[in-house]
Structures are given as structure tokens and as C-alpha cells.
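These notes are about the structure you will find just below.
The values are calculated or read from the model by the stated rules, or taken from the named source; none is laboratory data. None of the values given here were measured: they were computed from a predicted structure. So basically every Cβ, Gly included, is an ideal-geometry build from the backbone, and we count neighbours across all protein chains shown.
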Amino acid sequence: MSNCNNMNNMKALYIVVSTGFAEQVVEYIRSVGATGATIINARGVSSMHKEIMGISIDREKEIIITLIDSETADKIMEAVKQNTAFKSEAHGVCFTLPVIKAVGISQRLAEYTEVKK
């Protein structure tokens, strides 16, 4: 992770997949350089909304969030783009947001930098 103490180089990577795929995604992003992730259970709602007997059926989703350097985020996004299973079976969406400031992660980032040296 180059320049990880510089928050201008950090991104929050969000990956949204159908329930059951989050563990696979976390394994993969760890193999590429992410040190951890948070998995959040969610429910997808769209215009392609389904109802059965008047009961709304929404797709269950999992959101994987990790803070990583821009270079690693770009590698992960390129791999996601090339992975056909991600597009079809997992119904995945992946995007990043810049991290301007963060509190409570500087120690973990410093530890990660020492491990990577």
C-alpha cells in the first residue's frame, strides 16, 4: 500500500452483491491487498420490484466496504469488471468514493505499512 498514511490516496471501496457472495469477495480482495472489510446485510429495491400475493419481495444483498489505497482499489475494480460470475450470479455493483478524512484507522494503517515493508 503506497502512501497509505496520505488520506488523499485512500478510497472507500463498496461492493454490493447478492446474499451468499460476500465471503468470496472478501477472500479475493484480501488476496489483492485489502487488510479487512466490513460486510453489511442489505435489501435491494428497484423499479423491477416483485410482488407475490401482495407481499413485496426484494432481493437480499450484502455490501462489502473496505478502505484501501487507490492503486489496489483500481486493481480490484478491474478484476470485478472482467469477472463474468460477478456480473451474472452475484449481480454485483462496485464503486469507490474518495476518503478525505478518517478517524480511528491511522494506527491500523501504520501497522499495515510496517507489515508490507
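Some values worked out for this structure:
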{"item": "Test: residue in region 80-91 that is at pLDDT below 80, of a type in the set (Phe, Trp, Tyr) and either in a helix (DSSP H, G or I) or touching a strand residue (DSSP E or B) at 6+ places or on another chain (Cβ under 8 Å) (or both)", "result": "yes"}
{"item": "Some residue of region 45-57 being surrounded by 12 or more Cβ atoms within 10 Å (Cβ to Cβ), closer than 23 Å to Val25 by Cα and modelled with pLDDT of 65 or more", "result": "no"}
{"item": "Complete set of residues in region 1-34 that are in a loop (DSSP other than H, G, I, E, B) and either crowded, with 19+ Cβ neighbours inside 10 Å or modelled with pLDDT under 85 (or both)", "result": "Met1, Ser2, Asn3, Cys4, Asn5, Asn6, Phe21, Gly33, Ala34"}
{"item": "Condition broken by Ile100, with the remaining ones in (1) exposed (fewer than 15 other Cβ atoms within 10 Å of the Cβ); (2) at pLDDT 90 or above; (3) in contact with a helix residue (DSSP H, G or I) (Cβ under 8 Å, 6 or more places away or on another chain) satisfied", "result": "(2)"}
{"item": "The lone exception for Ser106 - which of (1) surrounded by 14 or more Cβ atoms within 10 Å (Cβ to Cβ); (2) small (Gly, Ala, Ser); (3) at pLDDT below 90 it fails", "result": "(1)"}
